[in-house]
Amino acid sequence: MSAPERAPLGAALALLVALVSLTGPISPLLMAGTAALLGVLIGLSWSELLELPSRAGTRTVIILVGLAASLVTAFGGERVDPVGGVLMVSALGVLAAFLHQMLRRDRRDLTASLTGTVAGAFVSGLAATWVLAQQQAETGGPTGVVTAVATGLAATLLLNATMLPSTLRFLLSGAAGAALTAAIAVSLAAVSLPMAIVLGLVSAVGSSSAHLLVGSSLVAREPVPSIAVAAVPVATVGVLAHLAVVLVS
């Protein structure tokens, strides 16, 4: 899967998030399923992207963290603070990463394997912040903010599929994503124009930067690693969506 092919995959995942945000009362549950999907995709491809040893163990840790974070945010209820739940699951993921290294028979590249697994676990867990954003929007904030961020993210990742020079592509995708995010935030969520512009810029620059960072690996164009390149920006921008909903609620 080449760069022009994997960017539309990321855009498709972002559009899925946007569509889920419009499903009303069932949206938090559907968003949890979407976050779990992102965690699985990252888990299946992360170790190949970073060329880590003991790939089966790394996949297991990352996928379990993604699934657990989604379940905790969706079904924790009042017993578990949602943000605390994501942090708790991420901390358990770090413990699981250490246990994974301790149980390995092949002792090669222990440091690279440990740090890579921990990083993947955190990214997988961050996908659950989309659930937090949607829950907050449904209970006390405008759901249009989540839709705006996800739609602008889709535009940013889609324009990253063009064959323009990298600098021009970065600027064009960031500008288009920021403009679309701001326009939807103003029209659907009645966000003030200055705040909408800031939200759009931060989301577009953040997602473009994440895409460039994970896509810089030498193996990023190969089929399996390219899945992580598509899924990681979508997962990480959930943090910005949650923060935006909290700020405008």
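The values are calculated or read from the model by the stated rules, or taken from the named source; none is laboratory data. Predicted, not measured: the structure shown is a model, and the values here were computed from it. Every residue, glycine among them, receives a Cβ derived from its backbone with ideal geometry; neighbour counts consider all protein chains shown. Accessible surface areas use protein heavy atoms only, side chains included; no ligands, DNA or RNA. Shrake-Rupley method; radii C 1.70, N 1.55, O 1.52, S 1.80 Å.
In percent, how large is the relative contact order of region 88-157, given Cα pairs closer than 8 Å and 6 or more residues apart?
Details: 22 pairs, mean separation 19.6, N = 70.
The normalised contact order for region 88-157 reaches 28 percent.
What share of Cα pairs, in percent, lie more than 11 angstrom apart in region 203-249? Mind showing how you got there, number by number?
Details: 705 of 1081 pairs.
Beyond 11 Å sits 65 percent of the P(r) for region 203-249.
Run the 1.4 Å probe and let me know the accessible area of Met102, rounded to the nearest 10 Å².
Counting only protein heavy atoms, the figure is 130 Å².
If I model a spin label at Glu51 and Arg79 as a point 7 Å from the Cα along the Cα→Cβ vector, what separation in nanometres do I get?
Between Glu51 and Arg79, the label points sit 4.6 nm apart.
Find the Cα radius of gyration of the chain, compare it with 2.2 N^0.38 Å by division, and give the number to two decimals. Could you put the intermediate results ahead of the total?
Numbers: Rg = 17.5 Å, N = 249, 2.2 N^0.38 = 17.9 Å.
After normalising by residue count via 2.2 N^0.38 Å, the value is 0.98.
Can you tell me the length gained on complete extension of the stretch Leu193 to Thr23, counting 0.36 nm per residue apart and subtracting the Cα distance? List each step's numbers first, then the result.
Values: separation 170, 0.36 × 170 = 61.20 nm, distance 2.56 nm.
Additional length available on full extension: 58.6 nm.
If Ile227, Ile26 are ordered by their accessible area, calculated over protein heavy atoms with a 1.4 Å probe, which sequence runs from highest to lowest?
Working: Ile227 45, Ile26 100 Å².
The ranking, largest first, comes out as Ile26, Ile227.
Compare Ile62, Ile184, Ile42 in a GNM of the chain, Cα atoms joined below 10 Å, and give the one with the largest fluctuation.
Highest fluctuation of the listed residues: Ile184.
Step through the residues of region 108-124 one at a time and calculate ³J(HN,Hα) from phi using the Karplus curve (6.51 cos²θ - 1.76 cosθ + 1.60, θ = phi - 60°), rounding each to whole Hz and writing x for Gly and Pro.
6, 6, 4, 5, 4, 5, 5, 5, x, 5, 4, 4, x, 5, 5, 5, 4
Note down the relative contact order for the chain as a percent, whole number, built from C-alpha pairs under 8 angstrom at least six residues apart. The partial results should precede the final answer.
Numbers: 463 pairs, mean separation 76.3, N = 249.
Relative contact order of the chain: 31 percent.
Sort Phe75, Phe98 by heavy-atom solvent-accessible area, probe 1.4 angstrom, most to least. If you can, show how the numbers build up before the last one.
Working: Phe75 125, Phe98 100 Å².
I get Phe75, Phe98, largest accessible area first.
What area, in nm² and to one decimal, does the C-alpha convex hull of region 3-130 cast on average over all directions? Mind showing how you got there, number by number?
Values: hull surface 32.5 nm².
Projected area, direction-averaged: 8.1 nm².
Show me, bin by bin at 5 Å from 0, the whole-percent P(r) of region 79-123 based on Cα pairs.
5, 23, 26, 18, 12, 7, 5, 2, 0
In nanometres, what is the gap between the two model label sites at Thr167 and Arg104, each 7 Å from Cα along Cα-to-Cβ?
3.9 nm
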